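The values are calculated or read from the model by the stated rules, or taken from the named source; none is laboratory data. Given the structure is predicted, the values throughout are model-derived calculations rather than measurements. Heavy atoms of the whole protein, side chains included, go into the accessibility calculation; ligands, DNA and RNA do not. Shrake-Rupley method; radii C 1.70, N 1.55, O 1.52, S 1.80 Å.
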Amino acid sequence: MGQSPAQLESATPQRRAFWMRQLHQWHWISSALCLIGLLLFALTGITLNHARQIEATPQVTHRNLVLPTELRVAVGGDDARKAALPTAVGAWLDDQLQAHVAGRVAEWSADEVYLSLPRPGGDGWLSIDRASGAVEYELTRRGAIAYLNDLHKGRNAGAAWSWFLDVFALACLVFAITGLFLLKLHAARRTSTWPLVTLGLVLPVVLALIFIH
């Protein structure tokens, strides 16, 4: 049975109201999820853009240890390979240095075991003399701004942070796309909507074409 003219006339406002509710719901949920992240990424975008003007004084920590006798056997030999440190050795070093070396792949040469320890906002390395068990450890910290800048870039931050960046980017996409549809629904009453959207598109394109070579 067909719809009456009155039903057809009321269908469009009802459909509009439904989509308006859905868009508003997804827009505020996605904005809540990515609000703090957007603030931090905007802030670190500024600090990255002015990295040369923001000076940092690196703090270097240097320590020397010797492996206990019972652990020297685990790093002895002269074979060359790439492999993680033995579990007991990694646990002892983590307890002594809080260096988070357990499970990381090290470079084994005839004379030493070398482990690179990059981290957000700093760097580090550790070497073990395979004959004597002497351990040399160095950690460099470049401060909070360097730490946040590296989180912005996802540099040496691990798999969990990489997954967070993917989820955060997805939330930002939902926020932007629902915002675009809400702009469309309100554009009839706001004549400046599409000129401003167009400006947001054209301005970076023009700047890139003229000033970036």
With no solvent and one equal point scatterer placed on each C-alpha of segment 15-63, evaluate the Debye formula and give log10 I(q)/I(0) for q = 0.18 Å⁻¹, two decimals.
-0.74
Hydrodynamic radius of segment 101-182 per Kirkwood, over alpha carbon pairs, in Å
15.5 Å
Order the following by accessible area, largest value first: Leu148, Leu126. Probe radius 1.4 Å; ligands, DNA and RNA are ignored.
Leu148, Leu126
Determine the order of Cys34, Cys172 by accessible area, beginning with the largest, at a probe radius of 1.4 Å.
Cys172, Cys34
Output wanted: per-residue J couplings in Hz (rounded whole) for segment 151-163, from phi through Karplus 6.51 cos²θ - 1.76 cosθ + 1.60, θ = phi - 60°, x for Gly and Pro.
5, 4, 8, x, 7, 6, 9, x, 5, 4, 5, 4, 5
Once phi is turned into θ = phi - 60°, what whole-Hz ³J(HN,Hα) does the Karplus curve with 6.51, -1.76 and 1.60 give for every residue of segment 174-186, x standing for Gly and Pro?
4, 4, 5, 5, 5, x, 5, 5, 5, 4, 4, 5, 9
Residues with amide H under 5 Å of Val66's amide H, sequence separation 5 or more or different chain, H placed in the peptide plane at 1.01 Å from N; which?
Val135
Near the amide H of Val101, under 5 Å away, which other amide H atoms are found, from residues 5 or more places off or on another chain, if H is placed in the peptide plane?
Asp94
Measure off, as a whole percent, the carbon and sulfur share of the 1.4 Å-probe accessible area of the chain, all protein chains present.
64 percent
So what is the accessible area of segment 81-169 per residue, in Å², with the probe set to 1.4 Å?
52 Å²
Quick query: amide H of Gly121 versus all other amide H atoms, modeled in the peptide plane; which residues come in under 5 Å with a sequence gap of 5 or more or a different chain?
Asp150
Any chance you could give the angle, 0 to 90 degrees and rounded to 10, that helix 5-49 forms with the longest Cα principal axis of the chain?
30 degrees
From the mean inverse distance of alpha carbon pairs (Kirkwood) and the Cα radius of gyration, derive Rg over Rh for the chain.
1.24
So the angle from the long Cα axis of helix 193-211 to the longest Cα principal axis of the chain, reported in degrees to the nearest 10, equals 40 degrees
Gaussian network model of the chain, springs between alpha carbon atoms under 10 Å - residue of Gly37, Gly77, Gly124 with greatest fluctuation:
Gly77
Using θ = phi - 60° and the Karplus form 6.51 cos²θ - 1.76 cosθ + 1.60, what ³J(HN,Hα) does each residue of segment 136-150 get, whole Hz, x for Gly and Pro?
10, 10, 9, 10, 10, 10, 10, x, 5, 5, 4, 4, 5, 4, 5
Sequence of Phe18, Phe181 when ordered by accessible area, the most exposed leading, probe 1.4 angstrom:
Phe181, Phe18
